[in-house]
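Engineer: Got a structure here, written out as structure tokens. Questions coming.
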Amino acid sequence: MKNLSIPLAIVVAGFLVSGAIIFSNSMDSKKNANSATGGNVDNSADNIENTDAMDNIKPVSADDHIRGSLEAEVVVVEFSDFQCPFCQSFHSTMVRVIDDYNGRVAWVYRHFPLDSIHPKARKQAQGAECVAELGGNDAFWAYADKIFSGQNPELSQLSSIAQSVGLSSSSFQSCLDSGKYDAEVAKDLNDATASGGNGTPYSVVISKNGSKYVINGAQPYEVVKQIIDDALGI
């Protein structure tokens with residue numbers, strides 16, 4: 001019996017080790033799946049309502065650049081950088097959101113230029129403000145769409161982009177050269193950091209009852225949809 005028990009113990013130990021390895025690999029696979037999407041597949045736990053930082057966000061008003069209605073059930077305030085490739089990706093996601101929710105969601109664009117890594121972003125943002133002055137809200141969004149649909153345009157190309165959305169290129173260039181909107185862009189940047197932003201894109205989802213949810217980074221459409229549905233109560 002003694003001689004038989006030793007091999008049996010070895011077999012049992014082998015099964016236990018194999019099971020531990022399988023379990024460990026399974027957990028690693030789950031961890032890697034979350035990492036591939038920024039670890040925010042289920043954002044309901046990560047995006048807590050009404051944190052102190054989010055409550056510092058400047059209220060949405062008619063002075064904002066808004067796509068949709070101020071009366072929408074949910075407003076997504078995005079702090080973005082025109083030179084940021086992740087912002088370019090998220091811009092496409094938000095265009096889809098606006099189309100799919102058919103008036104229930106509005107989108108506000110605020111500037112968050114990261115000067116240390118995107119040296120053209122602040123001037124591109126000032127250009128957007130000049131476009132809004134010269135052509136209104138629709139022209140602002142057309143300019144934003146053009147910027148994000150291109151390949152990181154040079155500052156020398158901005159007047160051509162302004163012209164492509166129906167504006168005088170000389171009037172635009174005069175406005176841009178004046179630097180008159182530098183303070184306005186700086187206000188948006190300060191609003192972003194005060195409300196919890198430390199990278200781009202950074203978005204705050206606001207429901208009609210005042211509940212707030214954060215979207216950090218260029219989350220995929222499915223994650224954004226989940227957060228918006230939570231804000232809508234559906």
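The values are calculated or read from the model by the stated rules, or taken from the named source; none is laboratory data. Quick caveat: nothing in here was measured; it's all calculated off a predicted structure. Because the Cβ atoms are built from the backbone with ideal geometry, glycine has one as well, and the counts that use them run over all protein chains shown.
Engineer: Taking ALA45 as meeting all but one of (1) assigned to a loop (DSSP other than H, G, I, E, B); (2) at pLDDT 95 or above, write down the number of the exception.
Structural biologist: (2)
Engineer: Hey, another quick one. Looking at segment 178-194, can you tell me whether even one residue there is of a type outside the set (A, V, I, L, M) and in a strand (DSSP E or B)?
Structural biologist: no
Engineer: Would you confirm whether any residue within segment 131-146 is in contact with a strand residue (DSSP E or B) (Cβ under 8 Å, 6 or more places away or on another chain) and polar (S, T, N, Q)? Spell out the reasoning first.
Structural biologist: Filtering segment 131-146 down to residues in contact with a strand residue (DSSP E or B) (Cβ under 8 Å, 6 or more places away or on another chain) leaves 132, 137, 140-141, 144.
When the remaining residues are screened for being polar (S, T, N, Q), the result is 137.
Checking segment 131-146: at least one residue is in contact with a strand residue (DSSP E or B) (Cβ under 8 Å, 6 or more places away or on another chain) and polar (S, T, N, Q).
Engineer: Can I ask one more? State whether the residues of segment 195-217 include one that is in the same structural domain as LEU114 (by TED's automatic domain parsing), at pLDDT 95 or above and assigned to a helix (DSSP H, G or I).
Structural biologist: The answer is no, given that none of the residues of segment 195-217 is in the same structural domain as LEU114 (by TED's automatic domain parsing), at pLDDT 95 or above and assigned to a helix (DSSP H, G or I).
Engineer: While we're here: Among the listed residues ILE117, ILE147, identify the single one that is part of a helix (DSSP H, G or I), modelled with pLDDT of 95 or more, over 16 Å from ALA183 (Cα atoms) and among the hydrophobic types (A, V, I, L, M, F, W, C).
Structural biologist: The unique qualifying residue is ILE147.
Engineer: Let me ask something else about it. Within segment 95-114, which residues are in a helix (DSSP H, G or I) and either β-branched (Val, Ile, Thr) or buried (at least 21 other Cβ atoms within 10 Å of the Cβ) (or both)? Spell out how you get there, then give the answer.
Structural biologist: The initial filter retains those residues of segment 95-114 that are in a helix (DSSP H, G or I), namely 95-101.
Within segment 95-114, VAL95, VAL97, ILE98 qualify.
Engineer: Give the number of residues within segment 98-124 that are out of contact with any Phe, Trp or Tyr (no Cβ under 6 Å at 6 or more places or on another chain) and closer than 20 Å to ALA192 by Cβ.
Structural biologist: Looking only at that region, the number is 15.
Engineer: Assess whether ALA128 counts as being touching a helix residue (DSSP H, G or I) at 6+ places or on another chain (Cβ under 6 Å) and not in a loop (DSSP other than H, G, I, E, B).
Structural biologist: Working: touching a helix residue (DSSP H, G or I) at 6+ places or on another chain (Cβ under 6 Å): yes; not in a loop (DSSP other than H, G, I, E, B): yes.
In short, yes.
Engineer: Given the conditions (1) under 19 Å from ALA192 (Cα atoms); (2) over 16 Å from the mean Cα position of the chain (by Cα); (3) not in a loop (DSSP other than H, G, I, E, B), which single one is not true for LEU158?
Structural biologist: Going through the list (1) under 19 Å from ALA192 (Cα atoms); (2) over 16 Å from the mean Cα position of the chain (by Cα); (3) not in a loop (DSSP other than H, G, I, E, B), LEU158 breaks only (1).
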